[in-house]
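Undergrad: Please see the structure below; I have some questions.
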Amino acid sequence: MNTIARFLSFKTWFLYLFSILSLSSSITANALVLQRGTETHLTGPLGDVQVNYVNDYVNLRGYLSSSGLVMDLPESDWISTRRIQYDVLNNSGNDSIFSIRIDYDPSVTVLAAADPYGFFDATGQGYSYWGGIPYTTLFDSGYGVYDYNVAYDGEWTIEYAADHVTWNHLGNGFFQDTATGDTEFGFYPTFALYFAPDTELGLQDASAYGFSSASYGQVLSGIGSTPVPEPSTIFLLGLGFLAAIGVKKRSRFEN
């Protein structure tokens, strides 16, 4: 009888362990993964918010403006920019996010910003009701709140200030265990800033805000501009270089 009891006890523990391992595997299989960029984290009472950033140079060939949607611009009217995209994963157990703020140095030129179009949950289901249209918002009216995409049923406004941009959600927020950007389930256009092409990049403060909590960290953003010499300066530098070569050649012949 003791042998049977021991067997049943072992079997019970084995089945319990197997169920735990199966559940763990299931959770791992459904875990959201951001696929690109440099990983960083915003941490605090709101929870652990993962942000992956990637930067490149792009030409704006169309955008949302104060006069509506501008598209199919001729090449002569394209706007050259240095872009940073921010893929965001609001991890399981976090509060919902209602605002995301990214700082930059006040000396930089910010030309435009983009808001996210949709998101994926942990099962791979995609949702696009954040909506609007996947076009960049041009900052053509100075500092203030831009709601150009709201006119196309988008759910995010963009607040443009001298030293930061804040995206504010008009609905129920950015839920826990969801992600936008480039995930293993697919891609949705995501948060992005568009700087002047000569913008120098480095780490700046960033924050995510829930209803009554927040998380903080740093992400890539604009920290200054790389000065481009005026043509006259370049000409004078060239003359100085040629003069230096002449002095060196003359000294050789004089020896």
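Undergrad: Just give me the residues in segment 55-70 being hydroxyl-bearing (Ser, Thr, Tyr) and touching a residue at least 60 places away in the same chain (Cβ under 8 Å), in sequence order. Spell out the reasoning first.
TA: Narrowing segment 55-70 to residues hydroxyl-bearing (Ser, Thr, Tyr): 57, 63, 65-67.
Tyr57, Tyr63, Ser65, Ser66, listed by residue number.
Undergrad: While we're looking at this one, here's another question. Return yes or no: is Ala151 among the hydrophobic types (A, V, I, L, M, F, W, C), in a loop (DSSP other than H, G, I, E, B) and surrounded by fewer than 17 Cβ atoms within 10 Å (Cβ to Cβ)? Reasoning before the result, please.
TA: Numbers: among the hydrophobic types (A, V, I, L, M, F, W, C): yes; in a loop (DSSP other than H, G, I, E, B): no; surrounded by fewer than 17 Cβ atoms within 10 Å (Cβ to Cβ): yes.
No, not satisfied.
Undergrad: Within segment 153-181, can you find the residues that are touching a strand residue (DSSP E or B) at 6+ places or on another chain (Cβ under 8 Å) and free of Cβ contacts under 8 Å to residues at least 60 places away in the same chain? Let's see the steps before the verdict.
TA: Within segment 153-181, the first condition is being touching a strand residue (DSSP E or B) at 6+ places or on another chain (Cβ under 8 Å), and the residues that meet it are 155-160, 163-170, 173-181.
Glu155, Trp156, Thr157, Ile158, Glu159, Tyr160, Leu170 - these are the residues of segment 153-181 that are touching a strand residue (DSSP E or B) at 6+ places or on another chain (Cβ under 8 Å) and free of Cβ contacts under 8 Å to residues at least 60 places away in the same chain.
Undergrad: Over 24 Å from Thr123 (Cα atoms), among the basic types (Lys, Arg) and modelled with pLDDT of 95 or more: which single residue out of Arg82, Arg36 fits that description?
TA: On the way: Arg36 fails: over 24 Å from Thr123 (Cα atoms).
Matching residue, one of Arg82, Arg36: Arg82.
Undergrad: Going through Leu220, Leu201 one at a time, which residue ends up being closer than 14 Å to Asp105 by Cα, surrounded by 18 or more Cβ atoms within 10 Å (Cβ to Cβ) and in the same structural domain as Thr43 (by TED's automatic domain parsing)? Step through it out loud before you land on a result.
TA: Values: Leu201 fails: surrounded by 18 or more Cβ atoms within 10 Å (Cβ to Cβ).
Exactly one residue qualifies, and that residue is Leu220.
Undergrad: If you check Tyr57, Tyr16, which single one turns out to be among the hydroxyl-bearing types (Ser, Thr, Tyr) and either assigned by TED's automatic domain parsing to the domain that holds Gly181 or modelled with pLDDT of 55 or more (or both)? Steps first, answer last, please.
TA: Details: Tyr16 fails: either assigned by TED's automatic domain parsing to the domain that holds Gly181 or modelled with pLDDT of 55 or more (or both).
Result: Tyr57 is the single residue among Tyr57, Tyr16 that is among the hydroxyl-bearing types (Ser, Thr, Tyr) and either assigned by TED's automatic domain parsing to the domain that holds Gly181 or modelled with pLDDT of 55 or more (or both).
Undergrad: While we're on this one: Suppose we filter segment 71-103 for residues that are surrounded by fewer than 16 Cβ atoms within 10 Å (Cβ to Cβ), in contact (Cβ under 8 Å) with a residue 24 or more places away in the chain and not in a loop (DSSP other than H, G, I, E, B); how many remain?
TA: Going through segment 71-103 one residue at a time, the tally reaches 1.
Undergrad: Out of segment 186-196, which residues are touching a residue at least 24 places away in the same chain (Cβ under 8 Å) and either more than 21 Å from Val54 (Cα to Cα) or surrounded by fewer than 18 Cβ atoms within 10 Å (Cβ to Cβ) (or both)? Quick ask: steps written out before the conclusion?
TA: Taking segment 186-196 and keeping what is touching a residue at least 24 places away in the same chain (Cβ under 8 Å), we get 186, 188-196.
If the condition is that a residue be touching a residue at least 24 places away in the same chain (Cβ under 8 Å) and either more than 21 Å from Val54 (Cα to Cα) or surrounded by fewer than 18 Cβ atoms within 10 Å (Cβ to Cβ) (or both), then Gly186, Ala196 are the ones that fit.
The values are calculated or read from the model by the stated rules, or taken from the named source; none is laboratory data. Because the structure is predicted, anything quoted here is derived from the model rather than measured. Backbone-built Cβ (ideal geometry, glycine too); neighbour counts: all protein chains shown.
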